[in-house]
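Take a look at the structure below.
Any read-out appearing in this document is the output of simple, stated calculations on the displayed coordinates, not a laboratory observation. Keep in mind the model is a prediction, meaning the values are calculated, not measured. Because the Cβ atoms are built from the backbone with ideal geometry, glycine has one as well, and the counts that use them run over all protein chains shown.
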Amino acid sequence: MVYTSNDVIDRIERLALISFNDEERRKLLKELEKIIEMFNTVNMVEELDQWEPLYHVHDISLSLRDDNEVEEVDDERTMLRDNAILVNGYVKAPKTVT
Amino acid sequence: MDFVSAPMYKLVEVFENDPNLVVEYINKLYDRISSIEDKIKAYITLRRLNDIISEAENLLKIRKKSCKKMRLFGIAIAVKDNISTKGIRTTCASRMLENYVPPFDATVITKLKDEGAIIIGKTNMDEFAMGSTTETSAFYPSRNPWDSTRSPGGSSGGSAAALAAGEATVALGSDTGGSIRNPAAFTATFGLKPTYGLVSRYGLIAYASSLDQIGPMARNSDDLALLLNVIAGYDSKDSTSIDIAVPDFYKSMYDLFYKEPRLRIGIAKELFEESDELVKKTAYQAVDTLCSYHECNEVSIPYAKQSVAAYYIIAMAEASSNLARYDGVRYGLKVDFENKSWIDVYRDIRTMGYGYEVKKRVALGAYVLSMGYWDMYYLRALKFRRMLKEEFNRIFHQYNVIVSPTMPILPPKLGEFLEDPIKMYYADVNTITANLIGAPAISAPAGFVNGLPVGLQIMARYFDEITILYLSKFIEESIKLRDLIAPV
């Protein structure tokens, strides 16, 4: 099956939960082929499979902090107070079952 | 003393002898900002003068009481608007965070405040740092102080424009694929992207976490080194920060500057060849000053075009993950969600909150991570990244540094890149390698072409910021392009 650029845009809209309006879709249609073409240049590099993927430039595992209790402002709570809709201290969210 | 154009290292000395001059300095700087900000649009949020003066007076009291020497006492600093500042709106140049006021300071901000620096405002940028011109900002583009019909570069374009226009003494930017060095080159200022892990990213609003670094921006090498001294260092709050001893960059830069060791410099062959003729010619003039003393040889830079592809695959993939947090429930744009499903609410928020470039990158990021494409694009980009790192390790065995034009083009006209985003992506070709491999790189002014700045990029081995500062200083002393303020 051959996928058109319109099919790809439909797919990425679903994957990313993002909608492009008509004007954005027209722009993206013009750019998409060139972007995919650019992405594909990585696949032209020979013998790439002999390399292990690099996840961290210094090749180290990320360290964890010591599990010590510290006296700090509860950033998350302050952030929620200032930004979320709180009902009796709980965050009000959209319905998951409609 | 001209407080507007004075370098930070001199201001620090002046305030050491007469701290009360800080108030006059702040007032003079604000006069300058008031007279030109409408033309430049460097800031998204500018703090009120009264608040800044109160903060300066408070600093004076602290100084008197504690006798503590503060390394940046009274210095006005502009901060890119993706670095969290407690109590100061931090928008990332996005409608999504238009009203977001962080309840905490990024580690770099805590460090600056501890040393007596004063944040004067938050600078314009491309939305979520996705762009190279500040034109993807949801608010307005910044203008290049050297030619107001052109972009100051990006994404840290507001910080660079503020410096070149004399609207700040020093600034902070962030660099994911060149976002500090690109605007530094386009505005005849200096910008340094540190080694990945040298500066804490805690409080930096993430775009692509494995590539992002905060770095200093200034109008001379000395100020870059002094600012880096303050912000560098291990931070347990950032699991990617590296626990190593941090040198005194300023002192070490001068040690090298006086000893003048001869270095082996690699001239990046393809990156010069692919640059615009006038850019190439100007950058070569700066290279000539280096090569009149140091040992220079041409070096072939492998896979430049493929690097751009690998960079965008990785950056978009990481962005699609990082930007998932803006759900409008905890924070982000608020929409009415009564009687709507969870999925519809998320889609509405992301569709309304993000501009076109961000939507495109997040959506394509989801694409390269999706089944069937993950191994074809994302995994291969990571394999390419290791190959590139090994290739550069090999080159850095032979050379101390690699130099190239910072940008292959002159500052673009406003609107030019918006019409052809692929051209914008490929313009990152000289800067992205330092991010992909995590190496430090600096941009220093190399000259002007028809009144437009050209920058020279110097990239070095991991944690060898001292060498690139030394060479930046070397060029600065030779061609005398420092402390420049555009005639706005």
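The mean sequence separation of alpha-carbon pairs under 8 Å and at least six residues apart, normalised by the residue count of the range B:187-281, gives a relative contact order of 25 percent. With contacts taken as Cα pairs under 8 Å and at least 6 residues apart, the range B:98-178 reaches a relative contact order of 21 percent.
Here each label is just a point 7 Å from Cα along the line to Cβ, and for residue B:273 and residue B:236 those points are 5.2 nm apart. Using a 4.7 Å Cβ-Cβ cutoff, the cysteines of the protein assembly as shown lacking any partner cysteine are B:67, B:92.
Of all lysines in the structure, those lying under 16 Å Cα to Cα from residue B:383, and not within fewer than 8 positions of it along the same chain, are B:305.
Stokes-Einstein, applied to the Kirkwood radius of the range B:8-259 over Cα pairs at a viscosity of 1.002 mPa s and 20 °C, places its translational diffusion at 120 µm² s⁻¹. For the range B:1-30 versus the range B:260-278, the spacing of their alpha-carbon centroids is 38 Å. Per-residue Karplus couplings for the range B:397-412, computed as 6.51 cos²θ - 1.76 cosθ + 1.60 with θ equal to phi - 60°, are listed in order as 6, 9, 10, 6, 9, 10, 10, 7, x, 5, 10, x, 10, 7, x, x Hz, Gly and Pro entered as x. The alpha carbon convex hull volume per residue for the range B:275-349 rounds to 187 Å³.
Taking a ≥ b ≥ c as the square roots of the eigenvalues of the Cα gyration tensor, chain A is classed as oblate, since a/c reaches at least 1.5 and a/b does not exceed b/c. By the gyration tensor of its Cα atoms, with a ≥ b ≥ c the square roots of the eigenvalues, what is the shape of the range B:1-139: rounded for a/c under 1.5, prolate for a/b over b/c, or oblate? Judged from the Cα gyration tensor, the range B:1-139 comes out prolate (a/c at least 1.5, a/b above b/c).
Evaluate Rg over Rh across the range B:304-381, taking Cα atoms for both radii and Kirkwood's formula for Rh.
With Rg and the Kirkwood Rh in hand, the quotient comes to 1.08.
Within the range B:162-282, the proportion of Cα pairs with more than 21 Å between them is 50 percent. Across chain B, the relative contact order, built from alpha-carbon pairs under 8 Å that are at least six residues apart, equals 18 percent.
Taken one residue at a time, the phi angles of the range B:308-322 give Karplus couplings (6.51, -1.76, 1.60, θ = phi - 60°) of 4, 4, 4, 4, 5, 4, 5, 5, 5, 4, 5, 5, 5, 7, 4 Hz. Gly and Pro are set to x. How much FRET efficiency would the formula 1/(1 + (r/R0)^6) give for residue B:448 and residue B:2, where r is the Cβ-Cβ distance and R0 is 22 Å, rounded to 0.05? It comes out at approximately 0.50.
Exposure proxy check: B:92, B:296, B:291, B:67 ranked by fewest other beta carbons within 10 Å?
Working: B:92 29, B:296 18, B:291 15, B:67 7.
In order of increasing Cβ crowding within 10 Å: B:67, B:291, B:296, B:92.
With all projection directions averaged, the alpha carbon convex hull of chain B covers 22.3 nm². Straight-line reach from residue A:95: taking Cα to Cα under 25 Å and skipping same-chain neighbours fewer than 8 places apart, the lysines in range are B:334, B:340, B:359. The residues packed around residue B:427, meaning those with a beta-carbon under 14 Å from its beta-carbon, carry a net charge of -3 if Lys and Arg are +1 and Asp and Glu are -1. Rounded to the nearest 10 degrees, the inclination of helix A:22-40 to the longest alpha-carbon principal axis of chain A is 70 degrees.
Please compute the alpha carbon radius of gyration of the range A:5-46, then divide it by the globular-protein estimate 2.2 N^0.38 Å. Two decimals is fine. Walk me through the numbers on the way to the answer.
Working: Rg = 12.1 Å, N = 42, 2.2 N^0.38 = 9.1 Å.
Relative to the rule-of-thumb radius for its length, the range A:5-46 sits at 1.33.
Around the amide H of residue B:150, modelled in the peptide plane, lie the amide H atoms of B:144, B:414, all under 5 Å away and 5 or more residues distant in sequence or on another chain.
Given the pairs B:10/B:251; B:41/B:473; A:34/B:269, which span a C-alpha to C-alpha distance of over 18 angstrom in this model? Exceeds cut-off: B:41/B:473; A:34/B:269.
Look at where the Cα atoms of the range B:427-456 and of the range B:165-222 average out, and the two centres are 12 Å apart. Just checking the listed ones, A:57, A:87, A:70: in the Gaussian network model of chain A with Cα springs under 10 Å, the one fluctuating most is A:87.
So, counting K/R as plus one and D/E as minus one, what does the shell of residues with Cβ under 11 Å around residue B:247 add up to? Local net charge: -3. What separates the Cα centres of the range B:358-386 and the range B:286-345 is a distance of 12 Å.
To the nearest whole percent, what portion of all C-alpha pairs in the protein assembly as shown is separated by more than 41 angstrom? It works out to 20 percent of all Cα pairs. Would you mind classifying the range B:260-319 by shape? Square roots of the alpha carbon gyration tensor eigenvalues, ordered a ≥ b ≥ c; an a/c under 1.5 is rounded, otherwise it is prolate if a/b is larger than b/c and oblate if not. Prolate is the answer for the range B:260-319, as a/c is 1.5 or above and a/b outweighs b/c. Remark: spin-label model distance residue B:352-residue B:243 equals 4.6 nm, labels positioned 7 Å along the Cα→Cβ axis.
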